[in-house]
Amino acid sequence: MSETLVVVGSQWGDEGKGKITDYFATRADMVVRYQGGNNAGHTVMFDGNKYSLQSIPSGIFNPATVNVMGNGMVINPVSLCAELDKLHERDITDYKLRISSRAAMVMPWHPLLDGAYEESKGEALIGTTKKGIGPAYCDKYSRTGLRMGDLLDPEYFRERLGAALDIKNRELEMLGLRTFDADEVFEQYMKLAERLAPMICDTSELVNGALRTDGERVLFEGAQGMMLCIDHGTYPYVTSSSPSAASVPVGAGIAPQWIRKVVGVAKAYCTRVGSGPFPTELHDATGDGIRERGHEYGTVTGRPRRIGWFDAVVGRYTAQLGGITDWAIMLLDVLTGVDTIRICTDYELDGRRIKNPPPTIAALERCKPVYIEMPGWQEDITGCRTYAELPENARKYVEKLAELTGVQIGMISVGPDRRQTIIVDKELEKF
Ligand code: GDP
Ligand code: IMO
Ligand code: MG
């Protein structure tokens, strides 16, 4: 029997998925990204080194792990090559990377369109990463997109490229943006294909092969967070894919029965980059303090992250939708020194208490958080390696999060390094 584990973001992204994936990847046979693209920024820290990954799975640092970029992703071959170059510069050269031939390709016009759509929204802009993620998924679903496997068949690629540019150039012109010459793009992409072709394959076959092999450990790494889900998030202030464990089967090309344990990565507080409702947002010195102590600035865009208290309404909602079996509570060390910590238990909407996020933005924007207060702790917890070593108030705090969300605490992170991790649910050690 093989083992599987899914790592998903349960808030608005940047919860620490890279750290948790890397932690398990030290013993995973395979790590699979199943959605999103280089809008992600996953930080991994070990042996005094810090790395930031955008589209490459966080298992890349273990030479024995096969890293898969699944069909549910949107992949920009130019930035993927740049990402690989950056790893090579830092002597990460011994790795296994496989790219799905069915993954959608981000083309050079997609970031331009991303920027133009944002501009057209004026004040209501989403605050995207401008990596072209939305436009690339649009083309996938409008069936005009190119796929990574097309690079393996130059004639077919040229044909698809011509057809795509027939319509895209008209759109680009209409928006006052530069247009593209199919032959030039073809030349450029054939060069990229020389480098990437050996890695492009039917990754669904690969993952299913691992799943059928006794003793194999397969980890699925989500990007973004479930409140940014295209279906269940704070639409339209969301990304263009579903970061939920529910999209693993489609995005990796496996059957849903393989999904059993799901680690929901959650900060001990909340952050959000980009626009959109954020009921527990702090606009005071406490929020500023958390931002500075937690170095809460975007890995991809460098933007300051918005800060708020832990939102158990969001926690319950994402746990239910994402099948979360365990929380990984991250950055608990950042709350050290906060005298009184608040947790949002419910929202108040137009004078009524509600337990779940309302489905419309207008209603969510009217929601007022209902808080409980917990006493904080002053002790430095960055050296704690067992649950028992944590100060009593820190333990009471995470236990309250578990109680309010109905999901057990699987693990706790007390610093960015791989070793600064406490396993609470011993079942997770099986992976
Ligand atoms: P991801 O996108 O979910 O992988 O998260 P990011 O890497 O964008 O952001 C998480 C940030 O928190 C990174 O800078 C991590 O190095 C850092 N981090 C992760 N876990 C901890 C922790 O327990 N404590 C502290 N202080 N930092 C952490
Ligand atoms: P990781 O994997 C945080 C946000 C953007 C914007 C919205 C749409 O590091 O957690 P997009 O470029 O996807 O069209 O932007 O989603 N966003 C993220 N926020 N972490 C991420 O990834 C994000 N990926 C996208 O800021 O609000
Ligand atoms: Mg990130």
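Quick note: the coordinates plus some simple rules give every number you see, no bench work behind them. Remember, predicted model here, so these are calculated numbers, not experimental data. Don't worry about glycine lacking a Cβ; one is built from the backbone with ideal geometry, like all the others, and counts go over all protein chains shown.
Descriptive notes on the structure:
- Placed amide H near L97: partners under 5 Å, 5+ positions off or other chain: N67
- Using alpha-carbon coordinates, inclination of helix 154-174 to the longest axis of the chain, degrees: 70 degrees
- Computed helical MRE - 222 nm, the chain, DSSP H runs ≥ 4 contributing -39500 (n - 2.57), nearest 500: -9500 deg cm²/dmol
- Compared with the dominant Cα axis of the chain, that is its longest principal axis, helix 312-322 is turned about 40°.
- With R₀ fixed at 51 Å, the C-beta to C-beta distance from D91 to D166 puts the FRET efficiency at about 0.70.
- In a fully extended conformation the segment linking E348 and Q257 would gain 29.0 nm over its present Cα-Cα distance, using 0.36 nm per residue.
- Whole-number percent relative contact order across the chain, with pairs defined as alpha carbons under 8 Å at least 6 apart: 20 percent
- Where only C-alpha atoms are counted, convex hull volume of region 136-274 per residue in Å³: 169 Å³
- As a proxy for reagent exposure, ranking C384, C201 by other Cβ atoms within 10 Å from fewest up yields C201, C384.
- Taken over the chain, the alpha-carbon convex hull comes to 135 cubic angstrom per residue.
- Applying the Karplus relation 6.51 cos²θ - 1.76 cosθ + 1.60 with θ = phi - 60° to region 232-249 yields 3J(HN,Hα) values of 10, x, 8, 4, x, 8, 9, 8, 10, 9, 10, x, 5, 4, 5, 8, 4, x Hz, where x marks Gly and Pro.
- Within region 235-304: Cβ-based charge dipole about Cα centre, in debye rounded to nearest 20 (Lys, Arg +1; Asp, Glu -1): 340 debye
- Peptide ranges 158-168, 263-273, 183-193 listed from the most packed, as the mean C-beta count within 10 angstrom indicates: 263-273, 158-168, 183-193
- Cβ-defined net charge surrounding L87, 14 Å radius [Lys, Arg +1; Asp, Glu -1]: -1
- The per residue volume of the convex hull around the alpha-carbon atoms of region 356-431 is 154 Å³.
- Charge dipole magnitude, Cβ of K and R +1, D and E -1 - region 105-196, Cα centre, debye nearest 20: 320 debye
- Largest first, the three principal axis extents of the alpha carbons in region 313-399 are 43, 30, 16 Å in whole numbers.
- For region 105-196, the equivalent ellipsoid derived from the Cα gyration tensor has semi-axes of 25, 14, 11 Å, listed largest first.
- For the pair region 222-285 / region 193-214, the C-alpha centres are spaced 26 Å from each other.
- Burial ordering of K50, K19, fewest other beta-carbon atoms within 10 Å first: K50, K19
- Here the chain is treated with +1 on each Lys and Arg Cβ and -1 on each Asp and Glu Cβ, and its dipole about the Cα centre works out to around 600 debye.
- Positive-end residue, region 171-315 charge dipole about Cα centroid, Cβ charges, pick of T203, L192, G294: G294
- Per-residue packing, averaged as other Cβ atoms within 10 Å, sorts the ranges 53-63, 294-304 into the order 53-63, 294-304, beginning with the highest.
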